[in-house]
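Below is one structure; the comments refer to it alone.
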Amino acid sequence: MDALDRVVMCFVLKSINYVLQYALKKPYGVLYKKKNITRPFEDQTSLEFFSKKSDCSLFMFGSHNKKRPNNLVIGRMYDYHVLDMIELGIEKFVSLKDIKNSKCPEGTKPMLIFAGDDFDVTEDYRRLKSLLIDFFRGPTVSNIRLAGLEYVLHFTALNGKIYFRSYKLLLKKSGCRTPRIELEEMGPSLDLVLRRTHLASDDLYKLSMKMPKALKPKKKKNISHDTFGTTYGRIHMQKQDLSKLQTRKMKGLKKRPAERITEDQEKKSKKIKKN
């Protein structure tokens, strides 16, 4: 995983510390436990300082007070400045330890599932979906084996709430080549409510999505790929005279004397006609 995918995690209360279980982002996270006076929506300088110090593009901040109990703020940076952040309230929480099932190994790349029309219709939920993908997408890989697909993160937007569930995927015998799939909840489990949002403007958001020229893959001419990933190359050649093509010499393909005589006579007749 790229260094820019690392996360600054700042928690000011122990109960919030266990909300998303720091192990979910190991070893790509930096945890700060000291009680720093940080108010992300009022003053963003401390977040920007920690982001630059740790070279992190994502951050998560947990807090708890009377006005906003069990508060969780997630966001991302652009050029070490806050791009967008969303505040979530935790209404219900079940930790990894509370669910007594087998767990996935640390560092497993998860499969992300988003259910609910709000993730495609509402702008706040659309940005939240993008943020969650950045947080949990894991490292970019070229190939995945079937046995490696064992970790599922499911997000459901329904009636103004976001339900976060974590499952372990089990491959069972089905009697045929394709295995039967079962989902077993492994935790953590959260019921979240959307509170405040700080979203970047459309122009700044497009600018942050722009890829530098140095990172853009160079286009290769005359190369195409089919749906199965097979590479095809096109070669441009001059028109060939097949009569001069050197073939394998065989005694059975040699011309007889009579055939040679008739060919010579035909050539002579053609020359006479032209003259």
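The values are calculated or read from the model by the stated rules, or taken from the named source; none is laboratory data. Predicted model, so just to flag it, every value in this text is computed and none were measured. Using ideal geometry, Cβ is built from the backbone for each residue, glycine included, and neighbour counts are taken over all protein chains shown. SASA here: full protein model, heavy atoms, side chains in, ligands and nucleic acids out. Shrake-Rupley method; radii C 1.70, N 1.55, O 1.52, S 1.80 Å.
Per-structure values
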read-out: Long-range amide H partners of Arg195 with built H, under 5 Å; value: Glu87, Leu88, Gly89
read-out: Counting DSSP beta bridges with both ends in the stretch 8-206, the antiparallel % (nearest 5); value: 75
read-out: Per-residue ³J(HN,Hα) for the stretch 198-215, Karplus 6.51 cos²θ - 1.76 cosθ + 1.60, θ = phi - 60°, Hz, x for Gly and Pro; value: 9, 10, 6, 5, 4, 5, 5, 5, 5, 5, 5, 7, 5, 8, x, 4, 5, 8
read-out: Kirkwood Rh and Cα Rg combined as Rg over Rh, evaluated for the stretch 8-206; value: 0.98
read-out: Filter on Lys97/Lys168; Lys53/Lys210; Lys67/Lys92; Lys97/Lys129; Lys109/Lys219; Lys92/Lys161 - keep pairs with C-alpha separation over 21 Å; value: Lys53/Lys210; Lys97/Lys129; Lys109/Lys219
read-out: Long-range HN-HN contacts of Met186 with modeled amide H, under 5 Å; value: Ser166, Tyr167, Lys168
read-out: Cα lying deepest toward the dipole's positive end in the stretch 8-206, options Tyr32, Pro69, Ser130, charges on Cβ; value: Tyr32
read-out: Protection proxy ranking of 42-51, 79-88 - average other beta-carbon atoms within 10 Å, highest first; value: 79-88, 42-51
read-out: Residues whose placed amide H lies under 5 Å from that of Leu149, excluding near-sequence neighbours; value: none
read-out: Check: the stretch 50-153 dipole with +1 on Lys, Arg Cβ and -1 on Asp, Glu Cβ, in debye; value: 460
read-out: Sequence-separation-based contact order of the stretch 8-206, relative, with Cα cut under 8 Å and 6+ spacing, percent; value: 21
read-out: The stretch 50-114: C-alpha gyration tensor shape, a/c 1.5 cut-off, then a/b vs b/c; value: oblate
read-out: Size of charge dipole - the stretch 8-206 - debye, nearest 20, with Cβ of Lys, Arg +1 and Asp, Glu -1, no other charges; value: 900
read-out: Förster radius 51 Å - calculated FRET efficiency between Arg256 and Glu185, Cβ distance, rounded to 0.05; value: 0.05
read-out: Probe 1.4 Å, protein heavy atoms only - accessible area per residue of the stretch 8-206 in square angstrom; value: 56
read-out: Mean separation of Cα contacts under 8 Å (6+ apart) over length of the stretch 73-162, as relative contact order %; value: 32
read-out: The stretch 8-206 - percent of accessible surface contributed by carbon and sulfur, probe 1.4 Å; value: 52
